[in-house]
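The values are calculated or read from the model by the stated rules, or taken from the named source; none is laboratory data. Just so it is clear, the structure is predicted and the values come from calculations on it, not from any experiment. Glycine gets a Cβ as well: all are built from the backbone with ideal geometry, and neighbour counts include every protein chain shown.
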Amino acid sequence: MTRLSASGQSAITQLAAWVSGVRSEAFSPRAIEQAKLVLLDTIGCSLAALDDETACAVLATLAALDGDKPQCAVLGRPEKLSAPNAVLANGTLIRVLDLNDYVAGAHPQSGARGGHPSDNIPVALAAAQLAGASGRDLLAAILIGYEIYGRGKALMSADSPWDGISISGLAAPAMAGRLLGLDKEKLAHAIALGAARAPTPVAVREGAISAAKSIANALIAQSGMQAVLLAAAGVTGPLDLFEAERGLKAVFAYAPESAAGILGAPLPAECFISRVAIKAYPCFAGGQSAVAAALGLHRQISGEIDSLASIRAAFADLPIVRRQLADPGRVAPASREAADHSLHFLIAVTLIDGTFGLGQFAGERWNDPKVRALMARLETTTDADLARRVGSAYPCVLHATGRDGRDHEVEILAPPGFSSNGPDAQTVLEKFARMTADRVSPAARDQIVDAVMTLDKAKTCEGLMRVLAPRAPASAALD
């Protein structure tokens, strides 16, 4: 039996009403600035991934299949694709290197962790292009996507077998539908159509991790974009997905009876975007402190790995960390995707090389005998005190004993890029320059930064999209 809220409206209907009703002006100047910073970071992640094998395979497939009228830009590329396919292409580029932002800490209500709300920025970019939306409207849509992501986390159990990207089935069509001006009724149907296609098992990022990890959210976002176009043409969706007995209750199982109130709640004083952190290294969120600690230990021992008799790594005692340490696919990674989720690999290769970036994955370094030998020597443990002190940043302590009996210890409670106040300009600008150094000229890089950071003043987003197209017309001034 379907049970609606006291108002007689379904949770999806109430979410659509909130998305339609919140004004762009309701977002604080701080939230707008953070949306610009996250957008810039996301663009940088996509440009850094242009040569990635999986990204190239997706782009080639779409180029061969897409016979529609070109509509939307592919980041860093001269061609355009249909709106749904541009979302898939850009979503893959943004996610494939595991460099885009992440939600820090556990949701205060449900305890659910993790997630990358910027995965859905490609939806906002495509819809803004189709609609001729202003820069301010684009930024508001991004912030709405982040809010929905946070609300979805409030409804998911901490140990859910369903991945957090399932929330993107709500966020992606909501962002696109708002930008394309769908009325509340059609927007609700778009969200229902997108959400019905979105549930994804956590298995996409466990065990022998495949390339599906890199494209899973992009496929949901693509479907969300298609859902909006279908709803705009009058196609309907199951509005009672949250209330139906065999609907989404299993996915959003923490507080299903509160779904309508949570999804349709007013805009809070502090936007969810302030809960995200910027990654310094191309690996999963739980490995950021581990890499920083390994860099510190490498410096302490002057790179003399063979001088160490033992190495022990301690992490916050959290369920998610215990699962990671017990996952054979992470302890002994067999793919690029598994390696960037392997604490053992990340620490070992960083200790050996004294640096960590995309180059550390070249030549399948996870199979390097020297790296494997050091991974085998690494002892791991969890520490409840670390979780109490700063579990939100996935802290790491490395302790090593030399063959001469000397002890070495490096404690990283919060990695580079983590801030309790959310994304900050210096971190993002430095990372963007580093990521794009081999991709675009300094002049082009400055144009992109300027286009993003003045986006709230732009009448349309075309100026931004022009500077992101490598062989576009020389003029890149904002409209």
| remark: Taking segment 328-340 and keeping only residues that are under 17 Å from THR381 (Cβ atoms) and either buried (at least 19 other Cβ atoms within 10 Å of the Cβ) or polar (S, T, N, Q) (or both), one is left with ARG330
| field | Members of segment 265-280 that are aliphatic (A, V, I, L, M) and either assigned to a loop (DSSP other than H, G, I, E, B) or farther than 30 Å from ALA196 by Cα (or both) | value | ALA265, LEU267, ALA269, ILE278, ALA280
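Among the listed residues LEU47, LEU65, identify the single one that is more than 20 Å from the chain's Cα centre (by Cα) and either over 22 Å from LEU138 (Cα atoms) or not acidic (Asp, Glu) (or both).
Exactly one of LEU47, LEU65 is more than 20 Å from the chain's Cα centre (by Cα) and either over 22 Å from LEU138 (Cα atoms) or not acidic (Asp, Glu) (or both), namely LEU65.
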| query | Among the helices (runs of 4 or more DSSP H) confined wholly to segment 382-473, which include 2 or more residues that are surrounded by fewer than 17 Cβ atoms within 10 Å (Cβ to Cβ)? | reply | 384-390, 425-436, 442-453
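So for segment 113-124 (the condition being small (Gly, Ala, Ser) and within 18 Å of PHE432 (Cβ to Cβ)), does at least one residue qualify?
Checked against the condition, which is being small (Gly, Ala, Ser) and within 18 Å of PHE432 (Cβ to Cβ), segment 113-124 yields at least one hit.
Yes/no per residue for (1) at pLDDT below 95; (2) under 28 Å from GLN288 (Cβ atoms):
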position	(1), (2)
SER392	yes, yes
ILE412	no, yes
THR427	yes, yes
ASP438	yes, yes
SER441	yes, no
ALA444	yes, no
LEU468	yes, yes
| Complete set of residues in segment 117-135 that are under 20 Å from ILE448 (Cβ atoms) and over 14 Å from the mean Cα position of the chain (by Cα) | ALA124, LEU125, ALA126, ALA128, GLN129, ALA133, SER134, GLY135
| request: Within segment 386-411, work out how many residues are of a type in the set (Val, Ile, Thr) and farther than 20 Å from LEU374 by Cβ. | output: 1
| field | Qualifying positions in segment 80-116 - over 13 Å from the mean Cα position of the chain (by Cα) and in a helix (DSSP H, G or I) | value | ALA83, PRO84, ASN85, ALA86, VAL87, LEU88, ALA89
| message | From the list ALA211, ALA232, ALA196, exactly one residue is modelled with pLDDT under 95, touching a helix residue (DSSP H, G or I) at 6+ places or on another chain (Cβ under 8 Å) and surrounded by fewer than 24 Cβ atoms within 10 Å (Cβ to Cβ). Which is it? | response | ALA211
| Hey, does segment 281-292 have a residue that's assigned to a helix (DSSP H, G or I) and without any contact (Cβ under 8 Å) to a residue 24 or more places away in the chain? | no
| field | Matching residues, segment 197-217, being within 14 Å of SER342 (Cα to Cα) and touching a Gly at 6+ places or on another chain (Cβ under 7 Å) | value | GLU206, GLY207, ALA208, ILE209
| said: Condition first: surrounded by fewer than 23 Cβ atoms within 10 Å (Cβ to Cβ), of a type in the set (Gly, Ala, Ser) and at pLDDT 95 or above. Can you find one or more residues in segment 116-131 that meet it? | reply: yes
| query | Would a scan of segment 67-81 turn up a residue that is without any contact (Cβ under 8 Å) to a residue 40 or more places away in the chain and among the basic types (Lys, Arg)? | reply | yes
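Yes/no matrix, rows are residues, columns are (1) closer than 24 Å to ARG322 by Cα; (2) of a type outside the set (Gly, Ala, Ser):
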{"residue": "GLY354", "(1), (2)": "no, no"}
{"residue": "GLN360", "(1), (2)": "no, yes"}
{"residue": "ARG377", "(1), (2)": "yes, yes"}
{"residue": "ALA393", "(1), (2)": "yes, no"}
{"residue": "ALA400", "(1), (2)": "yes, no"}
{"residue": "GLY405", "(1), (2)": "no, no"}
{"residue": "VAL410", "(1), (2)": "yes, yes"}
{"residue": "ALA425", "(1), (2)": "no, no"}
| remark: Within segment 134-169, residues being in contact with a strand residue (DSSP E or B) (Cβ under 8 Å, 6 or more places away or on another chain), farther than 11 Å from HIS107 by Cβ and crowded, with 24+ Cβ neighbours inside 10 Å number 2
| query | Quick one: what pairs do we get from segment 363-392, first residue on the phi > 0 side of the Ramachandran plot, second surrounded by 16 or more Cβ atoms within 10 Å (Cβ to Cβ) and aliphatic (A, V, I, L, M), C-beta under 9 Å, 6+ apart or different chains? | reply | GLU364/ALA339
| request: Could you please give the count of residues in segment 251-264 that are over 20 Å from ALA106 (Cα atoms) and assigned to a loop (DSSP other than H, G, I, E, B)? | output: 1
